[in-house]
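What follows is one structure encoded as structure tokens, with my remarks underneath.
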Amino acid sequence: MFEKVLLRSLDVPESQDLSAYEAAGGFKSLASVLANHSPDELIELVKASGLRGRGGAGFPTGLKWSFVPKDTEKPVYLCCNADEAEPGTFKDRALMENDPHMVIEGILIAAYAIGAATSYFYIRGEYGVSTERVEAALAQAYAKGLLGQNILGSEFSHDIYVHRGAGAYICGEETALLESIEGRRAQPKLKPPFPAVAGIYGCPTVINNVETLSCLPHIVERGTDWFRSIGPESSPGPKLFCVSGQVKKPGLYELPMGISMRELLEDHAGGPLSDNFKAVIPGGVSAPMIPGSDIDVGMDFDSLAGAGSMLGSAGVIALDDTACVVRVAARIMEFFNHESCGKCTPCREGNDWAAKVLRRLEAGSGQREDLDQLAFLCAGIFGNSFCALGDAAAWSLGAALKHFRYEFEQHIDDGECPFH
Amino acid sequence: MQVEMKDQINAVVGRYQTRRSAIMPALALVQESVDRLHGDVLKEVADVLEVPEIWVYEVATFYGMFNTEQVGKFHLQLCTNVSCMLAQAERLLQHLESQLHISKGGTTPDGLFTLSTVECLGSCDTAPVLMVNQDYHENLNEHRIDELLVQLKRQAAT
């Protein structure tokens, strides 16, 4: 059985408490880093581990850190992206609720590497328990000298402040998140400049996901060879998979990156509620669905990219053969329409238009021309907006149309939904 | 605005390089003690932070959790995103509407309940999920919703 590392405390009572974390060896990695590694050595260590960002894009973490200019006179900032809002995803919430000190230790290790004196812990507004536990953990860490001036007697000083979101999915996008911390509407900005050069207040800023940061204490403690021994060479390490939808045992599973989707869904999540899987969304609703016949695919960045989808946030939503793909596609497009920040016309108008066409189709009052219209809208949205939200909307709809065109046609021909 | 509230807002300002950054935390603090974030409240926040009123207004109206319209004592927000939808959230929405005699977006005449739908709450393995103010209620069905409504009404009466 695979040894749980990130979720080792899931069943430990009071695991959110500093004493429980320290009893499990917590903050030893931070002490070791401060005593034995220069920031540059630490960046090289994380590069060598092969750690890739767990927020969705899979960008190599050590490389991201190395983009921060070495000779900058401006303060450097770190942001912990805890704006987890990708539908189907609930892993960061589990980490914050059960092991907030692990996230804090990860933040401190990352902050030391990039030379940041201040971090912002951006937690989505809906996550009340997460916020309470993180704030309590920060207070404990300050009281123990693990935060503030001269941490553990070293030259390194650091402050972490919680910044709560207020119900906007777009804040998960890096530049929108920074705008939000600056007190503005969360509308993404054109890149470059990238945040590592000009982020919050125009200063170099690194944004890392909660799960990414949580890997750091373990990489320091167990070494890069251990991390690289798990999962495929190009995207190693343990991974949290959030399984929901029509499976017998939905839940959060920590497994090696690259595990087959079939093994995840059938052996761990208990298989479909009905007889068969019709489709699976592998990485939150931004990730294009793949047909149930294609689930012998590795759950890692490169394998899923090869299958025409993406690992994304690893929010795996299973649809069994009782599900209506048109209805799911309509709901996903309504989500993207609701969460579009309104800055770019193709995303703002295109998503709204597509959502209306999809609802019409789902109700059985669509026409054949609607399918061409949807394809036209997808082409008009994709690649024509500042950030990835519009791309995701078009990409996920495109996959539903490609793999399940017959189901859309069935709704048109029957004049009603065959599933409801 | 009370002096204590001003002090709380000014304490938050110290976390940031600019006073503008404190708009979101200031609105969250103020929202706890007002019916809704109406124009006068926004102006007071702008005055305390020494920023233009429009900066506060644009933030208050962009983010969904800032209530510029009045909501009931209990704000019921039902997730209807894909995982909850697959777990019959839409049927629960109809049930809530019929039990409360209001439509989605409405508030009961006694001011007790506002019913909304919400995007993913990050509790998909326990779908369907309802958020009441800041508390999650998971693995719901019609029966559990009925029990919850009774409990909330009792809570309001005491």
Point to revise | Test result for A:Tyr112, in a helix (DSSP H, G or I), within 9 Å of chain B (Cβ to nearest Cβ) and open to solvent by 30 Å² or more (accessible area, probe 1.4 Å) | key: no
Review point. Is one or more of the residues making up the stretch B:91-100 surrounded by 15 or more Cβ atoms within 10 Å (Cβ to Cβ), closer than 30 Å to A:Ala314 by Cα and over 14 Å from the mean Cα position of the chain (by Cα)?
Key: yes
Check your understanding: Given A:Ser303, A:Ser365, which one is open to solvent by 20 Å² or more (accessible area, probe 1.4 Å) and not in a helix (DSSP H, G or I)?
Key -> A:Ser365
Check your understanding: Can you name the residue in the stretch A:277-292 that is more than 12 Å from chain B (Cβ to nearest Cβ) and outside any strand (DSSP E or B) and is also farthest from the chain's Cα centre (by Cα) among such residues?
Key -> A:Gly292
Practice item. Tell me which of these A:Ser340 doesn't satisfy, since it passes every other one: (1) among the hydroxyl-bearing types (Ser, Thr, Tyr); (2) more than 13 Å from chain B (Cβ to nearest Cβ); (3) open to solvent by less than 40 Å² (accessible area, probe 1.4 Å). Key: (2)
Check your understanding: For the stretch A:402-418, what are the residues that are hydrophobic (A, V, I, L, M, F, W, C) and open to solvent by less than 20 Å² (accessible area, probe 1.4 Å)?
Key -> A:Phe404, A:Phe408, A:Cys417
Review point. Does the stretch A:203-219 include one or more residues that are more than 24 Å from A:Arg93 (Cβ to Cβ), open to solvent by 10 Å² or more (accessible area, probe 1.4 Å) and touching a residue at least 12 places away in the same chain (Cβ under 8 Å)?
Key: no
Practice item. Would you point out which residue out of A:Leu63, A:Leu30, A:Leu10 is of a type in the set (A, V, I, L, M, F, W, C), in contact with a strand residue (DSSP E or B) (Cβ under 9 Å, 6 or more places away or on another chain) and either modelled with pLDDT of 95 or more or not assigned by TED's automatic domain parsing to the domain that holds A:Glu182 (or both)? Key: A:Leu10
Check your understanding: Is it the case that some residue within the stretch A:130-137 is part of a helix (DSSP H, G or I), away from every other protein chain (no Cβ under 14 Å) and either in contact with a Lys or Arg (Cβ under 6 Å, 6 or more places away or on another chain) or open to solvent by less than 10 Å² (accessible area, probe 1.4 Å) (or both)?
Key -> yes
Study note, to complete from the structure: A:His37 fails exactly one of (1) of a type outside the set (Lys, Arg); (2) open to solvent by 10 Å² or more (accessible area, probe 1.4 Å); (3) under 30 Å from B:Gln77 (Cα atoms), namely (3)
Check your understanding: Any residue in the stretch A:156-164 that is within 14 Å of chain B (Cβ to nearest Cβ), over 20 Å from the mean Cα position of the chain (by Cα), under 28 Å from B:Cys120 (Cα atoms) and not β-branched (Val, Ile, Thr)?
Key -> yes
Practice item. Tell me, please, whether a residue that is crowded, with 24+ Cβ neighbours inside 10 Å, at positive phi and part of a loop (DSSP other than H, G, I, E, B) can be found in the stretch A:254-270. Key: no
Review point. Can you pull out the residues in the stretch B:13-25 that are more than 9 Å from chain A (Cβ to nearest Cβ) and either within 15 Å of the chain's Cα centre (by Cα) or in a helix (DSSP H, G or I) (or both)?
Key: B:Val13
Study note, to complete from the structure: All-but-one check, B:Gln88 against (1) polar (S, T, N, Q); (2) in contact (Cβ under 8 Å) with a residue 24 or more places away in the chain; (3) under 29 Å from A:Phe121 (Cβ atoms), failing number (3)
Check your understanding: Got a sec? Which helices (runs of 4 or more DSSP H) wholly within the stretch B:48-158 have at least 1 residues that are more than 10 Å from chain A (Cβ to nearest Cβ) and within 24 Å of B:Arg36 (Cα to Cα)?
Key -> B:53-62, B:89-100, B:142-157
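In the set B:Gln134, B:Gln151, which member is over 25 Å from A:Arg164 (Cα atoms) and without any contact (Cβ under 8 Å) to a residue 60 or more places away in the chain?
Just a single option satisfies the conditions, and that option is B:Gln151.
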Practice item. Kindly provide the set of residues from the stretch A:138-155 that are assigned to a helix (DSSP H, G or I) and open to solvent by 20 Å² or more (accessible area, probe 1.4 Å), ordered by number. Key: A:Ala139, A:Gln140, A:Tyr142, A:Ala143, A:Leu152, A:Gly153
Review point. Is at least one residue of the stretch B:105-117 hydroxyl-bearing (Ser, Thr, Tyr) and open to solvent by less than 10 Å² (accessible area, probe 1.4 Å)?
Key: yes
Review point. Which of the residues belonging to the stretch A:185-241 are closer than 21 Å to A:Tyr169 by Cβ, assigned to a loop (DSSP other than H, G, I, E, B) and out of contact with any Gly (no Cβ under 8 Å at 6 or more places or on another chain)?
Key: A:Arg185, A:Ala186, A:Pro188, A:Lys189, A:Leu190, A:Lys191, A:Pro195, A:Gly199
Practice item. Among the candidates A:Arg360, A:Arg348, single out the residue that is open to solvent by 50 Å² or more (accessible area, probe 1.4 Å), within 14 Å of chain B (Cβ to nearest Cβ), among the basic types (Lys, Arg) and part of a helix (DSSP H, G or I). Key: A:Arg348
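The values are calculated or read from the model by the stated rules, or taken from the named source; none is laboratory data. This one's a predicted model, so the numbers in the text were calculated from it and none came from an experiment. When we count neighbours, we look across all protein chains shown, and the Cβ atoms used for this are built from the backbone with ideal geometry, even at glycine. Each accessible area value is taken on the protein alone, full model and side chains, heavy atoms only, with ligands, DNA and RNA left out. Shrake-Rupley method; radii C 1.70, N 1.55, O 1.52, S 1.80 Å.
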